[in-house]
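One structure below.
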Amino acid sequence: QVQLVESGGGLVQPGGSLRLSCAASGSIFRFSDMGWYRQAPGKQRELVARITTGGSPNYADSAKGRFTISRDNAKNTMYLRMNTLQPEDTAVYYCNRVFSTMFPWGQGTQVTVSS
């Protein structure tokens, strides 16, 4: 059973940056297309960025030009670098598979953008 652990969130001012990490416990990670999702209060969970096993990224319009997704298959870890953060980016961020059966969800990491 794969376990996902997200980390790196926090409180940041508008315009600031954060780097999130997603550590997976199983080697199946390296064979899975993965994504970063977020869920804001009162809203549905949405996919903000995804990356193929080979490292090709794709971004939601809200993330284009500001977020960078990457992965290190040797470390079973995925990252999300977020720049120019805005209050509307406030949410709990999760990682999981895309286009396949989901792994059990982790606890997520809270990102709060506020002055």
Just to be sure I understand, how many residues within the stretch 15-27 are surrounded by 13 or more Cβ atoms within 10 Å (Cβ to Cβ) and either at pLDDT 95 or above or closer than 17 Å to GLN110 by Cα (or both)?
8
PRO104 - would you say it is open to solvent by 20 Å² or more (accessible area, probe 1.4 Å), within 21 Å of ASP33 (Cα to Cα) and not β-branched (Val, Ile, Thr)?
yes
Pick from GLN86, GLN13, GLN3: which is over 13 Å from the mean Cα position of the chain (by Cα), farther than 20 Å from VAL113 by Cβ and touching a residue at least 60 places away in the same chain (Cβ under 8 Å)?
GLN3
Give ARG50, ARG30 a once-over and let me know the one that is in a strand (DSSP E or B) and open to solvent by 50 Å² or more (accessible area, probe 1.4 Å).
ARG50
For the stretch 73-83, which residues satisfy the criterion of being under 19 Å from GLY106 (Cα atoms) and without any contact (Cβ under 8 Å) to a residue 60 or more places away in the chain?
ASN73, LYS75, ASN76, THR77, MET78
Pairs needed: first member in the stretch 28-40, modelled with pLDDT of 95 or more; second member anywhere, part of a loop (DSSP other than H, G, I, E, B) and among the aromatic types (Phe, Trp, Tyr); C-beta distance under 6 Å; at least 6 residues apart or different chains.
ASP33/PHE99
Scan the stretch 56-67 and report the pairs whose first residue is closer than 11 Å to LEU85 by Cα and whose second residue is assigned to a loop (DSSP other than H, G, I, E, B) and open to solvent by less than 50 Å² (accessible area, probe 1.4 Å), with Cβ atoms within less than 8 Å and a gap of 6+ or a chain change.
ARG66/LEU85
Conditions (1) farther than 20 Å from GLN107 by Cα; (2) of a type outside the set (D, E, K, R); (3) under 14 Å from the mean Cα position of the chain (by Cα); (4) open to solvent by 40 Å² or more (accessible area, probe 1.4 Å): number failed by PHE67:
(4)
Checking the structure you have, find out if any residue of the stretch 92-100 is loosely packed, with under 13 Cβ neighbours inside 10 Å, part of a loop (DSSP other than H, G, I, E, B) and among the β-branched types (Val, Ile, Thr).
no
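The values are calculated or read from the model by the stated rules, or taken from the named source; none is laboratory data. Being a predicted model, the structure only gives us computed values, none of them experimental. FYI the Cβ positions are ideal-geometry reconstructions off the backbone, even for glycines, and counts take in every protein chain you see. Protein only, heavy atoms only, side chains kept; ligands, DNA and RNA dropped before computing areas. Shrake-Rupley method; radii C 1.70, N 1.55, O 1.52, S 1.80 Å.
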